[in-house]
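For reference, the structure is listed below as structure tokens.
Coordinate-derived values only; no laboratory data. This one's a predicted model, so the numbers in the text were calculated from it and none came from an experiment. Cβ placement follows ideal geometry from the backbone for every residue including glycine, while neighbour counts extend to all protein chains displayed.
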Amino acid sequence: MSPLFPSLSAAEPREAVRFGDQVLTYAELAGAAGSLASRIAGAGRVALWATPTPRTVVGVVAALVAGVPVVPLNPKTGERELAHIVGDSEPSVVLASPDDRLPAALDGLTRIDVPLSGTAGELPAEPGDETPALIVYTSGTTGPPKGAVLPRRAIAATLDALREAWDWTADDVLVHGLPLFHVHGLILGVLGPLRRGGSVRHLGRFSVEGVTRELSTGATMLFGVPTMYHRIAEAVDDDRELTRALAGARLLVSGSAALTAPDHRRITRATGRAVIERYGMTETLMLCAERADGGARPGTVGAPLPGVGLRLADEADGIGEIQVRGPNLFSGYLNRPDASAAAFTDDGWFRTGDMASVDADGQVRIVGRKATDLIKSGGYKIGAGEIENVLLDHPGVREAAVTGEPDADLGERIVAWIVPSDPQSPPHAAELSDHVAAQLAPHKRPRVVRYLAELPRNDMGKIMKRALHA
């Protein structure tokens, strides 16, 4: 197999990664990762305490160079969940920074502190395409998290397909502040630039000021989640430096959840630069993306990437479950042959659990999760996302989520969860209901409105709708 990171093999003196004032060139990364790779070769599996630091980059690259599957660990994971992940994946080694204080669940593992330097030598030959590269744990709707086994083949296929869609080259400098234990921040946000031979600047912690600084000093691309772009949208009208920085970027990409139409409009109106979206999940990596040369289409996630097969199953009213196949898919769930088999149809398509429609020109519009975002009310299939966008257009609404709950007459009734712009004077429920009915249709009006101080979100900024009904 060709190397995942050709520029690493060449040990070039160009900048590879930057975290604040900590910078590693490709030569320095090759030396540190090569040195660590020799220590963990043959380790079976290694865990990685995935803090937003350059040592996390060295650790994951070293594991990939050594051909050892790596399990990224979220440092905020609770004791019970962490114990499950460690017990399920059975790593023999944990990679960490020297100053990391590791929890008791990792006490039985051999600890290796990740170096930031080393002697650059010839890197080992890389293993075959199907060799597991990462095991990323993803929370399901029931039971403990499952480990999705991502082979080297899937990582290369996804990153190369995005190269074509986004004209991604070695000249690009990516800035982001995403966590490094997840597909978005780690695979797209770190391994993506390294595969292209470009560079990544990680903010450590997302801030509008950090985005402004990096995009004003050479960065060409920004990756973020809707929560981050919402903060940008709230600031962009009054922050001229931010506006200029965004306008000068080559590409602004949002993912992990849908970016709301109001935030799309505010950013585009202020900067002249549209945010493009992409769609994927842990088990599939990237499936769809809007193209750099195709113009953003708010409400869509673009067309399927090269090599990705996509179909809608059990389609009705133009909406069906997305099912996919292609080289970007995972190998299965670790130690879960039952769950792995259930995830695929008899003819080999992966069931995403996401509902969508496809426009006449092939653009995919995500309705939401089959379990939480598709509401069946009064005989209609209703997508929560379109109602949320209309609610967000109301000046009295800062944040909104829409769910369904059982109703004896309608089957399900529509419930709106609202974070008001002014907590002291929230908009009346009837006003919001009428607002939706006037913009969409009477059967899409919320029957119940509930007010919150904030919406429950996970580390990637996704709204946890199941928690709303807990």
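The packing ranking, built from the mean of other Cβ atoms within 10 Å per residue, places the peptides 126-135, 172-181 in the order 172-181, 126-135, highest first.
Residues of the stretch 299-329 with an amide N closer than 14 Å to a point placed 7 Å from the Cα of Ala441 along the Cα-to-Cβ direction: 316-319. Taking every lysine pair in the chain that is 8 or more places apart or spans two chains, those with Cα atoms closer than 27 Å amount to 18.
Please report the antiparallel percentage of DSSP beta bridges with both residues in the stretch 192-343, rounded to the nearest 5. Roughly 65 percent of the beta bridges in the stretch 192-343 run antiparallel, per DSSP. In plain terms, the chain from Glu454 to Glu81 could stretch by 131.8 nm, reckoned as 0.36 nm per residue minus the Cα-Cα distance. Counted over the chain, the DSSP beta bridges are approximately 60% antiparallel. When each of the peptides 151-162, 308-319, 32-43, 353-364 is scored by the mean number of other C-beta atoms lying within 10 Å of its residues, the order from highest to lowest reads 151-162, 32-43, 353-364, 308-319. Near His202: Cβ cut-off under 11 Å, other residues only, Lys/Arg at +1 and Asp/Glu at -1. The net charge is +2.
Tell me which trypsin sites (Lys or Arg not before Pro) from the stretch 51-123 have a DSSP coil assignment and no more than 16 other beta carbons within 10 Å of their own.
Lys76, Arg101
Can you give the calculated 222 nm mean residue ellipticity of the chain, where each DSSP H run of n ≥ 4 adds -39,500 (n - 2.57) and the sum is split over every residue, rounded to the nearest 500 deg cm²/dmol?
Working: 14 runs with 132 residues, N = 470.
Counting only the DSSP helices, I get -8000 deg cm²/dmol.
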